[in-house]
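Working notes for the structure below.
Bear in mind that the values in this text are calculations on the coordinates, not laboratory data. Everything numeric here is computed off the predicted structure, so don't read it as measured data. Neighbour counts run over all protein chains shown; Cβ positions are idealised from the backbone, glycine included.
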Amino acid sequence: MRKLFTAALLFLLAPAARAALFINNTSKCTVQVRVYAHSEKGKACELESKIMTIPSMGTMAFNNAGQVAENPGWEKGMTVAGDPKAAVWDALGFHNGTSTLKVGTGCATVTTGVVKDACGADLNVKWTIAGRNILVELYN
Amino acid sequence: MRTFLIALLLSLPAIGAKAALFITNNTNCSVTVTIYAHDQNHSVCGLESGSLQLAAGESAAFNNVATLNTTLPGWQNGQMATTAGGTAVWGWDGAFVTNGSTLWAQIGRTGSCFPIPVLATPNACGTSSVTTAWHVVGGNAFLDII
């Protein structure tokens with residue numbers, strides 16, 4: 001009964017939630033990624049972040065898209081219009097130097113994929129919705 | 001041969017081991033979080049972190065328990081955590097979330113020192129209620145302060 005209540009409570013919380021984006025690199029290699037988002041009334045992937053470098057076993061946490069402006073910043077002076085907490089995460093792009101794998105929604109066509117990382121190993125890049133948050137996992 | 005295969009199968013989940021801790025403060029108030037965990041040298045809740053200050057609208061992420069050996073807020077009393085043995089041996093247990101006054105939430109996973117997954121505290125952030133929730137999705141632990 002308590003579990004059911006808990007589940008119901010979590011479910012009720014979901015619609016009003018403003019999602020955080022977490023990136024978790026459990027691979028053996030440093031990765032370079034960009035994130036894509038859009039303002040509340042904008043178009044998918046209209047906002048493109050600068051490249052961020054995440055070491056092996058490193059993480060990144062963004063409470064909302066507004067925080068991207070501080071680090072790593074948006075490309076070409078882009079800014080979130082309106083309430084940054086109402087902006088929406090669209091995708092994550094992984095770059096291995098020669099090719100790009102984009103996972104997510106909006107401008108991405110897949111939520112998971114495998115690509116060679118900079119160390120030459122197969123890297124899984126996976127976009128999932130975890131409760132109220134979006135989680136991107138990179139792992140060998 | 002069969003034993004070997006079973007051992008191999010059992011070891012597979014560890015390769016993509018996912019056991020990070022992700023914390024989100026979506027309230028309009030600052031909160032202080034103390035994290036509890038275990039590893040091969042520390043029993044359930046035996047690892048206790050320093051005070052993690054999270055401003056309104058801030059998030060934090062920790063890849064594994066050893067991350068806190070070198071990252072603020074660290075472990076108390078010079079404790080050092082290890083990921084030896086994999087996620088079958090180490091793991092996140094729970095958290096104590098407070099704002100120094102009304103908010104006083106001790107939550108965590110089943111079987112931990114704080115086996116309550118969700119707590120709602122009325123008037124914890126001004127006149128707003130604050131819900132503190134601990135849940136595990138895909139092997140990762142999420143602490144949402146909403």
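Excluding A:THR109 itself, calculate the net charge of residues whose Cβ lies under 15 Å from the Cβ of A:THR109, where each Lys or Arg counts +1 and each Asp or Glu counts -1.
Numbers: positive: A:LYS102, A:LYS126; negative: A:ASP90.
In short, +1.
Remark: A:HIS95, B:HIS42 ranked as A:HIS95, B:HIS42, counting other beta-carbon atoms within 10 Å and listing the fewest first. Charge dipole (Cα centre; +1 on Lys/Arg Cβ, -1 on Asp/Glu Cβ; no other charges) of the protein assembly as shown amounts to roughly 480 debye.
Residues in segment A:56-90, backbone N under 20 Å from the label point at A:GLU46 (7 Å along the Cα-to-beta-carbon vector): list them, ranges by number please. Correct set: A:64-70, A:73-90. Centre-to-centre, using Cα atoms only, segment B:71-95 and segment A:53-121 are separated by 28 Å. Net charge of the neighbourhood of A:MET78, taken over other residues with C-beta under 9 Å away and scored Lys/Arg +1, Asp/Glu -1, is -2.
Inter-chain Cβ neighbour count for B:55-65, averaged per residue, equals 5 (cutoff 10 Å, partner chain atoms only). Legend: ranking of residues A:THR59, A:THR79, B:THR102 from fewest to most surrounding C-beta atoms inside 10 Å; resulting order A:THR79, B:THR102, A:THR59. Relative to the first principal axis of the alpha-carbon coordinates of chain A, what is the inclination of helix A:2-13, with its axis defined by its Cα atoms, in degrees from 0 to 90 and to the nearest 10? Long axis of A:2-13 versus the principal axis of chain A: about 70 degrees. Helix B:2-15 and the long axis of chain B differ in direction by around 30°, with both axes built from C-alpha atoms.
Grab the Cα-Cα distance for A:ASN140 and A:THR128, subtract it from 0.36 nm times how many residues apart they are, and report the gain in nm with one decimal. Kindly include the intermediate steps, with their values, before the conclusion.
Working: separation 12, 0.36 × 12 = 4.32 nm, distance 1.68 nm.
Computed gain between A:ASN140 and A:THR128 is 2.6 nm.
Projecting the Cα atoms of B:GLY86, B:ILE116, B:LEU52 onto the dipole axis of chain B, where Lys and Arg carry +1 and Asp and Glu carry -1 at the beta carbon, places B:GLY86 farthest toward the positive end.
In the structure shown, do any of A:LYS43/A:LYS76; A:LYS76/A:LYS126; A:LYS102/A:LYS126; A:LYS28/A:LYS116 have a Cα-Cα gap over 21 Å, and if so which?
Working: A:LYS43/A:LYS76 17 Å; A:LYS76/A:LYS126 27 Å; A:LYS102/A:LYS126 10 Å; A:LYS28/A:LYS116 12 Å.
Table pairs above 21 Å Cα-Cα are A:LYS76/A:LYS126.
The charge dipole of segment A:38-140, taken about its Cα centre with unit charges on the Cβ atoms of Lys, Arg (+1), Asp and Glu (-1) only, comes to about 100 debye.
Exposure proxy shown here: for B:TRP90, B:TRP75, the number of other Cβ atoms within 10 Å sets the order, fewest to most, as B:TRP75, B:TRP90.
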